[in-house]
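Colleague: Sharing a structure, written as C-alpha cells. Questions coming.
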Amino acid sequence: MSLPATAPQGRPLIETRGVTRVIGGDIPATLVAGIDFAVQPGEFVAVTGPSGSGKSSLLYLLGLLDKPTTGEVYVDGKATSELSEDARAALRLSSLSFVFQFHFLLPEFTAMDNVMLPMRALGKLNDKEMQARALDILASLGLGDHARKRPDQMSGGQRQRVAIARALANDPLVILADEPTGNLDTVSSGQVLSIMRNLVDSSRTDHAKAIIIVTHDLDLAAKADRRVHIVDGRIEAPAPQDD
Amino acid sequence: MSLVLSIALTHIRARLRQTLVGLLGVATGVGFSVMMAALMEGSQRDFVSQLVDALPHISVSDQRREPPPQPAEDAFDAVEIHGLTTPVIRPGIKNPYAIIASIESWLPGAVAPSVQSKAVLRFAGRDTAASVVGIDPRREPNVSKLATQIVAGSLNDLYKSSNAIILGSGLAKRIGARVGNSVTMVGGNGRTMSATVVALSRTGVNQLDENQAHTLIKTAQILAGQTGLVNEIRVRTHDAMGAREIAQRIEAETRYKSVSWLEANEDLLSAFQVRNFIMFAVVGAILLVASFGTYNIISTITHEKTRDIAIMKSLGMPARTVRRIFVLEALMIGVMGVIAGWALGYAMSLGMGQVEFKSPFMDATRLPILYSPTHYLLAGAVALAASAIAGFFPARKAASLQPVDIIRGAS
Ligand SMILES: Nc1ncnc2c1ncn2[C@@H]1O[C@H](COP(=O)(O)OP(=O)(O)OP(=O)(O)O)[C@@H](O)[C@H]1O
Ligand SMILES: [Mg+2]
C-alpha cells in the first residue's frame, strides 16, 4: 500500500473520550467501556474484534443512534451528549451515515427514491437537483441502469451499492459501515470495498471524508489505513498491520 | 410532492384492501349519520310545521289561570276563606272586538275571533258528538290553513245558506253525510237547529277530521244560546318560534289565558330533545366505531413498517416527520371515507325519501327528509377529527421508536 499508515493530523471528524455504554435491565451488560478514539479527515479505519466484542455497539454510539452512559462523542468538534433528540437527528442527517450488513432500503421505493430520501429530508436541493445528484451517485456506483428498480428487483450486491449511494446522498463527513460486505460474495465484496476506498481517497483533496468499517474479514481490514481492535468492549493495542 | 405525502401515499397504496376497509368504515359512519340526521330533523321539522299549521300559534281563551281574587284578599295580607262559592261567570271574552283591535295594533301577525262549542250532530237517526267552531270566513284564512284544507265546496259557502256547516271529512264519513245534506245540531242546553252541509275539510290529522265542524260565528253563538259570545281569539304570528313571548304579552294585557303552540305542545317538544339526544348518541357511537377501524389500520401499518421507521429515523429524519406520515395516512383514509360517506348518505337519504309511510294517525306520506349542509359538515368534521385522533396514537408510538433497538435485532 502506498498510503501512509499513520493518521493525517488536524481536527478529528469524530472522536470519543472515555465512552462507556452500560445497558440496564435484568442482566446489566457493558457493551463498550472506556473508548478513546479519534478519526481524522481522509482516514479509512477498520474496526475488528471477535463476535460480541462490541463493534456494532461502538458504531451506534459514533453514529449518534445510541447515547454513551458516560463519556462524550464529538462530531466535527461538537460535543453531542447534551443535544436534543431532534438535534442529534439533524446532525445524523447532514454529517453521518450508515451502511449495514442488511441493506435497509425502503421496499416500496425505487433505487432513485431511496437515494433521494435523505436529500428530501434535508431539503437543501430542489427536485431537479436531487434527481440529478441521485442519478449521478447511482451511475458512479455502476447502477445507472437500475435507478428505476425497486430493491426486490435487484441483486444483493446491487442493493448494497444502492445503500452506499443513499449513504452518500447528503455528502456526509463520516460513513459508518457495519459489515457492509457480510452478505455478499467475493466479487461483490471487492466491488463494495473498492468503492469505499475510492470515496475516501478522492475526497482527500477538498471535502475530506472518513470511513469507519466494522469487519470480520482480515483481508479487508488490511486494506484500511488503520485498524482498531476491540475485545470485550475495550480497544486493545493496535494489531500490527500485516501488509 | 412532499416527502411525508409520498411515503404516506405509498403505505396507503401498498395496503389497498385494508385502506378500503377503513375507508368503508368511515364512509358507513358518515353515511348513516347523515341519513339519520336528515330523517330525524326532517320528520321533526315536518311534524312541527304540521303542528304550527294545524293550530293557531296562540289561543286566547276565556279562562283565567288563577281564580278571581276575593275582595277580602285585596284588603288584607292574610285571609282564610271558608265555604266560598265562586259566582257563576258568564262564559266568553268580554269586549272581544276591542281586545282584537288592541292586539292588532301592535302584533306582527293576524287575529281572528272564534266560538268553541260542543254539539251533537243528528243525521239519519244517529247522534254523533262533535266540536263546532264558529269562525269568521274573512279573517280565518289569516290565522289557519282551513281555507286550503277544504276538499269540497269552499270556505265562503258558509254565507250561502242561513245555517251552513263545514264538516271534517272523517266526521262526514262517520255520520254518512255529503255536501248538500241537512244535519241537525243539538246544542249544550238542548237547543236544536238544522244546518246544511256546504263543504268538507281535511287536515290530514285524523283526530281533527273526525271531530271538527265549522260554522259562522253567529250560527255557533245561537247553538250555544248566547249572542255576542266569543270564547277564543286565535292569533297567528309571523314568527312561529316567537309565539311564547307574544302570548305572555297578550296575557299580561288582557288578563285572559293565552297559550302559545309551544306551551300547548311542551311535552312533545321536550320529547324531541330526548330524541335528538338519542340521535347524537347513536351517531357518535357509529363514528366512534368507524374510528376504531382507522386506529386498527394505522396501528397495523406502523407495526408492519417498524423497520422502515427505524431506517428513516437512523437516516436522521426527525420524530415529528415520522409522526406526520402516519397522522396523514389516517387523515387520507378519513378524507376519502368522508367523501364516500357523503355520497352514501345522500344516496340513502334519497332512497329513504322514496319510502311511503303509513300511519294510523295521519294520511300516508313520504318520509320527510331534510337536506342540510350542516349535517354533512358536522359528520365530516367529527369523522375527520376521529380519524386524526385514531392515527395520532399509533403515529406517536411509531415516532418515539428507538432505531437502534430495531437495527440491533435485525443485523
Ligand atoms: N440490548 C442488549 N442487551 C444486553 N446485551 C446486549 C444488547 N445488545 C448487545 N448486547 C451484548 O453486547 C455485546 C456487544 O454486542 P455487539 O453487537 O456490539 O457485538 P459485535 O462486536 O457487533 O458482534 P458481531 O461481530 O457478532 O456483530 C454482546 O455481548 C451482546 O450480547
Ligand atoms: Mg455486530
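Colleague: Show the residues, 5+ positions off or on another chain, whose built amide H is closer than 5 Å to the amide H of B:N181.
Modeller: Those qualifying (amide H under 5 Å, at least 5 residues apart or on another chain) are B:V197.
Colleague: Looking at this model, which pairs from A:K149/B:K313; A:K78/A:K124; A:K67/A:K128 are more than 30 angstrom apart at the alpha-carbon?
Modeller: Values: A:K149/B:K313 23 Å; A:K78/A:K124 22 Å; A:K67/A:K128 37 Å.
Result: A:K67/A:K128 exceed 30 Å.
Colleague: In Å³ and rounded to a whole number, note down the convex hull volume per residue for the Cα atoms of the stretch A:117-243. Write out the running numbers ahead of the final one.
Modeller: Details: hull volume 17.6 nm³, N = 127.
It comes to 138 Å³ per residue, whole-number rounded.
Colleague: How long is the gain from B:S161 to B:R320 if the chain were fully straight, where each residue apart is worth 0.36 nm and the alpha carbon distance is subtracted? Provide the component values of the computation, followed by the final result.
Modeller: Details: separation 159, 0.36 × 159 = 57.24 nm, distance 8.71 nm.
Gain in length upon complete extension: 48.5 nm.
Colleague: Also: Return one whole number: the accessible area per residue of chain A in Å², for a 1.4 Å probe.
Modeller: Values: 10490 Å² over 243 residues.
Normalised by residue count, the accessible surface of chain A is 43 Å².
Colleague: Quick check: the angle from helix A:127-140's long axis to the longest principal axis of chain A, C-alpha only, nearest 10 degrees?
Modeller: It works out to around 70 degrees.
Colleague: Taking springs between alpha-carbon atoms closer than 10 angstrom, which of B:L51, B:L171, B:L268 fluctuates most in the Gaussian network model of chain B?
Modeller: Looking only at B:L51, B:L171, B:L268, the largest GNM fluctuation is found for B:L268.
Colleague: Separation of the stretch B:93-110 and the stretch B:18-49 by C-alpha centroid, Å?
Modeller: 46 Å
Colleague: Hey, another quick one. How much accessible surface area, in Å² rounded to 10, belongs to the heavy atoms of A:T70 with a 1.4 Å probe?
Modeller: Ignoring ligands and nucleic acids, A:T70 comes out at about 80 Å².
Colleague: Also: Could you tell me the accessible area of A:D171 in Å² (1.4 Å probe, neighbours in place), rounded to the nearest ten?
Modeller: 60 Å²
Colleague: If I take every Cα pair under 8 Å that is 6 or more residues apart in chain B, average their sequence separation and divide by the length, what percent do I get for the relative contact order?
Modeller: On the way: 692 pairs, mean separation 114.4, N = 411.
RCO, chain B: 28 percent.
Colleague: Sticking with this structure for a sec: Nothing charged except the Cβ atoms of Lys and Arg (+1) and of Asp and Glu (-1): what's the magnitude of the dipole of the protein assembly as shown about its Cα centre? Round to the nearest 20 debye.
Modeller: That gives the protein assembly as shown a dipole magnitude of about 1780 debye.
Colleague: I would also like to ask the following. Kindly provide the chymotrypsin sites (Phe, Trp or Tyr not before Pro) of the stretch B:312-378 that DSSP labels as loop, not H, G, I, E or B, and whose Cβ sees at most 16 other Cβ atoms within 10 Å.
Modeller: In loop regions of the stretch B:312-378 (DSSP not H, G, I, E or B), the sparsely surrounded chymotrypsin sites (Phe, Trp or Tyr not before Pro) are B:F361, B:Y371.
Colleague: Using only DSSP helix segments of four residues or longer, with each worth -39500 (n - 2.57), what per-residue ellipticity at 222 nm results for the protein assembly as shown after dividing by its residue count and rounding to 500? Intermediate results must be reported in sequence, preceding the final value.
Modeller: Details: 22 runs with 306 residues, N = 654.
Result for the protein assembly as shown: -15000 deg cm²/dmol, rounded to the nearest 500.
Colleague: Next question. About the Cα centre, and with charges only on the beta carbon of Lys, Arg (+1) and Asp, Glu (-1), how big is the dipole of the stretch B:64-256? Nearest 20 debye, please. Mind dumping the intermediate values first?
Modeller: Numbers: 22 positive and 17 negative charges, 208 e Å.
So the magnitude is around 1000 debye.
Colleague: For the stretch A:68-163, run through the trypsin sites (Lys or Arg not before Pro) and keep only the ones in DSSP coil with at most 14 other Cβ atoms within 10 Å of their Cβ.
Modeller: Working: sites: A:K78, A:R88, A:R92, A:R120, A:K124, A:K128, A:R133, A:R148, A:K149, A:R159, A:R161; in loops: A:K124, A:R148, A:K149.
Counting only loop positions with at most 14 other Cβ atoms within 10 Å, the trypsin sites (Lys or Arg not before Pro) in the stretch A:68-163 are A:K124, A:R148.
Colleague: Okay, moving on. Along the charge dipole of chain B, pointing to its positive end and built from +1/-1 on Cβ of Lys, Arg, Asp and Glu, which listed residue (B:V205, B:V289, B:F272) has its Cα farthest out?
Modeller: The residue sitting farthest along the positive end of the dipole is B:V289.
Colleague: Residue by residue through the stretch A:19-33, which ³J(HN,Hα) values in whole Hz follow from phi under the Karplus form 6.51 cos²θ - 1.76 cosθ + 1.60 (θ = phi - 60°), with glycine and proline marked x?
Modeller: For the stretch A:19-33, the Karplus-derived couplings read 7, 10, 10, 10, 9, x, x, 4, 10, x, 10, 8, 7, 9, 9 Hz, x marking Gly and Pro.
Colleague: Another question, if that's okay. Measure nothing fancy, just the Cα-based angle from helix B:16-54's long axis to the longest principal axis of chain B, in degrees from 0 to 90, nearest 10.
Modeller: Compared with the principal axis, the helix lies near 10 degrees.
Colleague: Which of the trypsin sites (Lys or Arg not before Pro) found in the stretch B:159-213 are loop residues per DSSP with 12 or fewer other Cβ atoms within 10 Å of their Cβ?
Modeller: Working: sites: B:K160, B:K173, B:R174, B:R178, B:R191, B:R202; in loops: B:K160, B:R178, B:R191, B:R202.
Filter output for the stretch B:159-213: B:K160, B:R178.
Colleague: Shifting gears a bit: Can you tell me the 0 to 90 degree angle between the C-alpha axis of helix B:266-304 and the longest principal axis of chain B, rounded to 10?
Modeller: 10 degrees
Colleague: So, one more: Scan around A:I230 for amide H atoms under 5 Å from its own, H built in the peptide plane at 1.01 Å from N, and keep only partners 5 or more places away or cross-chain.
Modeller: Under 5 Å from the amide H of A:I230: A:T48, A:G49, A:E236.
Colleague: Which value, in square angstrom to the nearest 100, describes the accessible area buried between chains A and B on both sides, using a 1.4 angstrom probe?
Modeller: Numbers: alone 11660 and 21830 Å², together 31140 Å².
Chain pair A/B: roughly 2300 Å² of buried accessible area.
Colleague: Quote the accessible area belonging to B:K218 in square angstrom, nearest 10, computed with a 1.4 Å probe and with ligands, DNA and RNA left uncounted.
Modeller: Approximately 120 Å² of B:K218 is accessible to the 1.4 Å probe.
Colleague: Let me ask something else. How much area per residue is accessible in chain B when the probe is 1.4 Å and only protein heavy atoms are counted (Å²)? Show your work: numbers first, answer last.
Modeller: On the way: 20650 Å² over 411 residues.
Dividing the accessible area of chain B by its residue count gives 50 Å².
Colleague: Tally up the carbon and sulfur contribution to the accessible surface of chain A as a whole percent, 1.4 Å probe, everything protein left in place.
Modeller: Working: 5290 of 10490 Å².
Carbon and sulfur: 50 percent of the exposed surface of chain A.
Colleague: Now for a separate question. Per residue of the stretch A:52-63, what does 6.51 cos²θ - 1.76 cosθ + 1.60 with θ = phi - 60° give for ³J(HN,Hα)? Whole Hz please, x for Gly and Pro, Karplus curve as stated.
Modeller: These are the phi-based 3J(HN,Hα) values: x, 7, x, 5, 4, 4, 5, 4, 5, 5, 5, x Hz.
Colleague: Using heavy-atom solvent-accessible surface (probe 1.4 Å) with all chains present, what is the largest-first order of B:E140, B:E104, A:E72? Don't jump to the answer; show the numbers that get you there.
Modeller: Working: B:E140 0, B:E104 80, A:E72 30 Å².
Solvent-accessible surface, decreasing: B:E104, A:E72, B:E140.
Colleague: Which residues in the stretch A:128-146 have a backbone N closer than 18 Å to a point placed 7 Å from the Cα of A:V187 along the Cα-to-Cβ line?
Modeller: The answer is A:141-146.
Colleague: On to the next question. Which whole number in µm²/s is D for the protein assembly as shown by Stokes-Einstein, with the Kirkwood Rh taken over Cα pairs at 4 °C and 1.567 mPa s?
Modeller: 39 µm²/s
Colleague: Can you tell me how much longer the chain between B:R255 and B:M193 gets when fully stretched, taken as 0.36 nm per residue apart minus their C-alpha distance, in nm with one decimal?
Modeller: 18.9 nm
Colleague: Pairs of lysine in the stretch B:64-256 with Cα under 22 Å and at least 8 positions apart or on different chains: total?
Modeller: For the stretch B:64-256, the number of qualifying lysine pairs is 9.
Colleague: Using a 1.4 angstrom probe on heavy atoms only, work out the carbon and sulfur share of the accessible area of the stretch B:64-256 in %. Present the calculation step by step, with values, prior to reporting the outcome.
Modeller: Working: 5220 of 10320 Å².
Reported share for carbon and sulfur atoms: 51 percent.
The values are calculated or read from the model by the stated rules, or taken from the named source; none is laboratory data. All values reported here derive from a predicted model rather than from experimental measurement. As a convention, Cβ positions derive from the backbone with ideal geometry for all residues, glycine included, and neighbour counts pool all protein chains shown. All accessible areas refer to the heavy atoms of the entire protein, side chains included, with ligands and DNA or RNA removed. Shrake-Rupley method; radii C 1.70, N 1.55, O 1.52, S 1.80 Å.
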